[in-house]
Structures are given as structure tokens and as C-alpha cells.
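Report on one structure; see the data block that follows.
Derivation of every value follows stated rules applied to the coordinates shown; laboratory data play no part. Model, not experiment: these values are computed from the prediction. Note: ideal-geometry Cβ built from the backbone for every residue, glycine included; neighbour counts use all protein chains shown.
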Amino acid sequence: MIPRLHFAHLPTPIDSLPRLSAALGGPTLLVKRDDQTGLAFGGNKTRKLEFLVAEAQAQGADMLVTAGALQSNHCRQTAAAAARFGFECTLVLVGEPPERPSANLFLDRLFGAQLVWTQKSQRDATLDQVCQAARERGRKPYLVPYGGSNATGALGYAFAMQEFLSQGAPADWIVFASSSGGTQAGLLLGQRLFGYAGKILGISVDEPQAVLQERVAKLASETSEKFGKRLDFAPEEALVNSDYCAAGYGVLTQAERAAVRLFAQTEGLLLDPVYTGRAAAGLLDLIHKGFFKRGETVLFWHTGGQPALFAEKYQGDLL
Ligand SMILES: *Cc1c(COP(=O)(O)O)cnc(C)c1O
């Protein structure tokens, strides 16, 4: 048995997007609502944390430590899971502390997480220091990997594929935002294990194609060992499009703005500025270019992130 806690609201719904599909005159569009996983405004990290927190408990840890960007959704969901299961929590955040914490950062504080600020080049060293200092005062820290993406966290998305298949939605394509690779690795492994006949396309948020393909294939292979038998994945099996990340992580361009507005104004559906906004912008461009065949059905796997809409940094920019 693979240790797992059950706190996500599953299965997440699959909705159709008729007005958006009609506005685009393209393929039939569906959305899988992993923005509704139920923990602290939801998102894809919740599925990973069901396995990561179970592992932390099994190891006797009493503290969760992880790292991320200032508006990290992963850090927000980790801080919430720590509160929910009685762990102390320290978040190592890259950047400078703003005068007033907003959005995800505000929520990190509300969940009682301690914040440690660092530079990107110092991130891993800072994590080591935080864990070492915690051990010195008698704590047992558990290091949650960046983005929740190791073989334990990626299990969440292997099982998410099984859940999706049990829902019987006829999707030829699954399209979503891909970054640290755990979501894509899990889906790819789940495809092999549970037999999904469609294609899985990650839109890179911040990594070159080859880097992300390599990472996803390696992680999917490692994750397979949790099921008792190693399966090998080649980088080419991980479909990654990195045409939409040139502006850099968290930088809002006209394409993300247009995508966030279009989803909001045709379907009343909220995307986030950093991840799903970028992935949706890529999806819209691919539809405009005729990448998908007319009769095909494309499922946009919503990975969450909407609290970042309330970061001052993005709010003015979106209207
Ligand atoms: C973390 C995150 C992603 C990327 O998922 P990975 O598993 O890191 O590739 C996508 N969307 C949102 C909203 C996220 O927070």
C-alpha cells in the first residue's frame, strides 16, 4: 500500500465550456477543475500533498519545510496542509519581503507559516540551514520538494489520471500548465498504467522544452517504482510546448491577459496570471493555428492558482 492521506475533494468535476468553444470556433473544450481540490482555495499541489504529508507522518516528522516564489501556490497549499495536520511550517521564499503581504503570501502568514527570505542562488543552502537549525532545537523537519515534484508527490497525478478515466470524459487531448514537472510526470505514468489513449501536452510556464521533457521523463520513471516495477520513459514521450514562456516566470504579457479575460467573460471561469493564464494563452494560440482537428475534444486541466489574482502586482494589469 502506498501511504496516502485523503483530504482533497475528489473527484474534481469536469465541466464543458460551450461558450468558449463557440467563441473560438474550434475543438470542443472541457475543463477539469483541479482548482477545486478543496484545500485553501485548491490547486494541483493538494493532490501531491496527500502523499507527501503521509510520508512526513510515516517518518515521524513534525515540521514541513519547502521553498517557492513570493506568490507560490505550492507554499500556500503546503502551509495549509501543515496547519491541517499539526505540523510546524517554514517557507523559504525567493525575493524581498514586500511591505504588505497580499494574496498567497498573506495566506501563508494566516496559516502561521514562518517565512525565510533568500536569493535564488541561495535557495538550497537556505533550506539546508533551516532544516539544520530545526533539528538543533529538537524538531524533525520533512523537506517537501520544490513544487511538490518528486516520486512521492507525482503519485498524486498518476492517480488523478485514473480518476479522470473513471469519469469517462471523451478527451483527445489534455492540456495544462507544466513547470516543476510533477503534474505531467504523474499524468504520463498514469496514462501508461491505466491506459489513456489521448495525448498529454504540457505548456511550459518557465522551462525550455528539452529541460522539461528530460525532467518529466526521469520523474515518471522514478515514480513508477512506487508501483513495484520500474517503467522507463523517454524524454520524447513527454509532449512539451515551450513557445509561450519567453517573457519569464510570473511576467504577465498581452497573451496571458487576453486568456484570463476570455475565460472569465465567456464562462465565468477564473484562471490565474502565472500558470493557467499562460497555459490557456498557449491553448488559444494553438487553436487559432489549427493545431487541433475540428472534431477533437480538448480538456484543459485547471491546476489552480487563482489567489494570485489578488496580488497587487497583477491586479491592475489584468483590467
Ligand atoms: C505548481 C503549479 C503548476 C505547475 O505544476 P508542476 O507540477 O509544478 O509542473 C501549474 N499551475 C499552478 C496553478 C501551479 O501552482
Practice problem: Return the FRET efficiency for the residue pair Ser166, Arg135: r is the Cβ-Cβ distance, R0 is 45 Å, and the value is rounded to the nearest 0.05. | Solution: 0.60
Self-check item: Straight-distance crosslink candidates among lysines, where the alpha carbon sits under 28 Å from Lys48 and sequence neighbours closer than 8 are dropped
Solution: Lys32, Lys120, Lys140, Lys199, Lys218, Lys226, Lys229, Lys313
Practice problem: Order these peptides, 65-71, 228-234, by their mean beta-carbon neighbour count within 10 angstrom, highest first. | Solution: 65-71, 228-234
Quiz item: Which of Ala103, Thr126, Thr66 sits farthest toward the positive end of the charge dipole of segment 45-148, with +1 on the Cβ of Lys and Arg and -1 on the Cβ of Asp and Glu?
Solution: Ala103
Self-check item: Inter-label distance, nm, simple model (7 Å from Cα along the C-beta direction), His288/Leu318
Solution: 2.1
Exercise. Enter the mean projected area of the convex hull around the alpha-carbon atoms of the chain, in nm², rounded to one decimal.
Key: 15.5
Practice problem: Report the charge-dipole magnitude of segment 45-148 in Debye, nearest 20, computed about the Cα centre from +1 at each Lys and Arg Cβ and -1 at each Asp and Glu Cβ. | Solution: 180
Practice problem: Quick one: dipole size for the chain, taken about the Cα centre, charges +1 on Lys/Arg Cβ and -1 on Asp/Glu Cβ, in debye to the nearest 20. | Solution: 380
Quiz prompt | Positive dipole terminus of the chain, leading residue within Ala22, Ala238, Pro11 (C-beta point charges) | solution = Pro11
Quiz item: Local charge sum around Phe111 (other residues, Cβ-Cβ under 12 Å, Lys/Arg +1, Asp/Glu -1)?
Solution: +1
Exercise. Pairs of Cα atoms under 8 Å, at least six residues apart: use those to get the relative contact order of segment 45-148, whole percent.
Key: 37
Exercise. Taking the Cβ of Thr303 as the centre, find all other residues whose Cβ is under 12 Å away and add up their charges (Lys, Arg: +1; Asp, Glu: -1).
Key: +3
Quiz item: What residue among Cys89, Cys75, Cys131 shows peak mean-square fluctuation when the chain is described by a Gaussian network model with Cα springs under 10 Å?
Solution: Cys131
Quiz prompt | Hz values of 3J(HN,Hα) by residue in segment 167-181 - Karplus curve (6.51, -1.76, 1.60), Gly and Pro given as x | solution = 7, x, 7, x, 9, 7, 9, 10, 10, 6, 7, 10, 9, 7, x
Quiz item: Placing +1 at every Lys and Arg Cβ and -1 at every Asp and Glu Cβ, with all other atoms neutral, what dipole size does segment 125-180 have around its Cα centre, in debye to the nearest 20?
Solution: 420
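Counting Lys and Arg as +1 and Asp and Glu as -1, what is the net charge of the other residues whose Cβ lies under 9 Å from the Cβ of Trp173?
Local net charge: -1.
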Quiz prompt | Fluctuation leader among Glu136, Glu99, Glu267 - the chain, Gaussian network, Cα springs under 10 angstrom | solution = Glu99
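By the gyration tensor of its Cα atoms, with a ≥ b ≥ c the square roots of the eigenvalues, what is the shape of segment 45-148: rounded for a/c under 1.5, prolate for a/b over b/c, or oblate?
On the way: a/c = 1.64, a/b = 1.23, b/c = 1.33.
It comes out oblate by the Cα gyration axes.
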Quiz prompt | Residue-averaged 222 nm ellipticity for the chain, from DSSP H runs of 4+ at -39500 (n - 2.57), nearest 500 | solution = -12500 deg cm²/dmol
Quiz item: For the chain, what's the relative contact order in percent, using C-alpha pairs closer than 8 Å and at least 6 residues apart?
Solution: 21
